[in-house]
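A short worksheet on the structure shown next.
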Amino acid sequence: MSSREDILGRVRRQLGRESAPADAGRDIDAWLAVRREGPRPTLDGELLSRFKEKSEALSTTVDVVAEWSAVPAAVARYLQNNGLPMQAVGWPLVSGHEWTAAGIAFQGRGAVDADLVGITGCYCAIAETGTLMLLSGPDTPASVSLLPETHVAVLAASRIVAGMEEAWNLARTELGVLPRAVNFVSGPSRTGDIEQTIVLGAHGPYRVHVVVVAGA
């Protein structure tokens, strides 16, 4: 008898059950498949306003533009205002924007440790917590949001969902099979290990900036 079986056997005896039901495994699988939701807070207001409010509380900066064509200029303005280099690596998926016309030297590839600015898209965002949901793939390398000191994410307002439950349901519905990695980004990297003082950029980007396209 294994240690696991021994422990479960003692629990069953304490509960007055002499043996495990033959269909116990099937019952567990059926219960998990239902994906019951627990208690959830009520979200007030529209999702974009809530997402912006929660993001800024996490030290993420947010810029809202009207359409996709305004994205490169918005990113360039952010880089200039913060004294950041006008060059970036980014997801090949966002290579189609007019980065050069906005004065940004853009390379569509995964990031290395020398890259200072990374630009990504965003699968969806969570209004409840101000969180970005990023999926890894050939055109969406995870390194772009993890290695550079500055992470800029481009997000369609229509892809903002209420909570984590909606984000996972959207992925299951649209993708079927989940990618190798799903990363949730809630503001810049931070730690409070040293004297309980919050330090940004400890294990990832110092800055997170989101450009939301309101008309998309």
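The values are calculated or read from the model by the stated rules, or taken from the named source; none is laboratory data. Everything numeric here is computed off the predicted structure, so don't read it as measured data. When we count neighbours, we look across all protein chains shown, and the Cβ atoms used for this are built from the backbone with ideal geometry, even at glycine.
For residue 93, all conditions in the list (1) modelled with pLDDT under 95; (2) surrounded by fewer than 14 Cβ atoms within 10 Å (Cβ to Cβ) hold save one; what is the number of the exception?
(2)
Output yes when any residue across region 116-127 is over 26 Å from residue 54 (Cβ atoms) and of a type outside the set (Val, Ile, Thr), and no when none is.
yes
Pairs under 7 Å by beta carbon, first residue of a type in the set (S, T, N, Q) in region 156-182, partner surrounded by 13 or more Cβ atoms within 10 Å (Cβ to Cβ) and at pLDDT 95 or above, six or more apart or different chains?
none
A quick yes/no check of all residues on (1) surrounded by fewer than 20 Cβ atoms within 10 Å (Cβ to Cβ); (2) in a helix (DSSP H, G or I):
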| site | (1), (2) |
| --- | --- |
| 50 | yes, yes |
| 53 | yes, yes |
| 64 | yes, no |
| 70 | yes, yes |
| 73 | yes, yes |
| 78 | yes, yes |
| 83 | yes, no |
| 89 | no, no |
| 98 | yes, no |
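Return yes or no: is residue 59 at positive phi, at pLDDT 80 or above and assigned by TED's automatic domain parsing to the domain that holds residue 120?
It is true that residue 59 is at positive phi, at pLDDT 80 or above and assigned by TED's automatic domain parsing to the domain that holds residue 120.
How about region 1-26: which of its residues are within 39 Å of the chain's Cα centre (by Cα) and at pLDDT below 65?
23, 24, 25, 26
Which pairs have Cβ atoms under 6 Å, sit 6 or more apart or on different chains, and link a residue in region 132-151 that is within 22 Å of residue 163 (Cβ to Cβ) to one that is part of a strand (DSSP E or B) and of a type in the set (Val, Ile, Thr)?
Once the first residue is within 22 Å of residue 163 (Cβ to Cβ) and sits in region 132-151, its partners that are part of a strand (DSSP E or B) and of a type in the set (Val, Ile, Thr) give 132/185; 135/182; 145/120.
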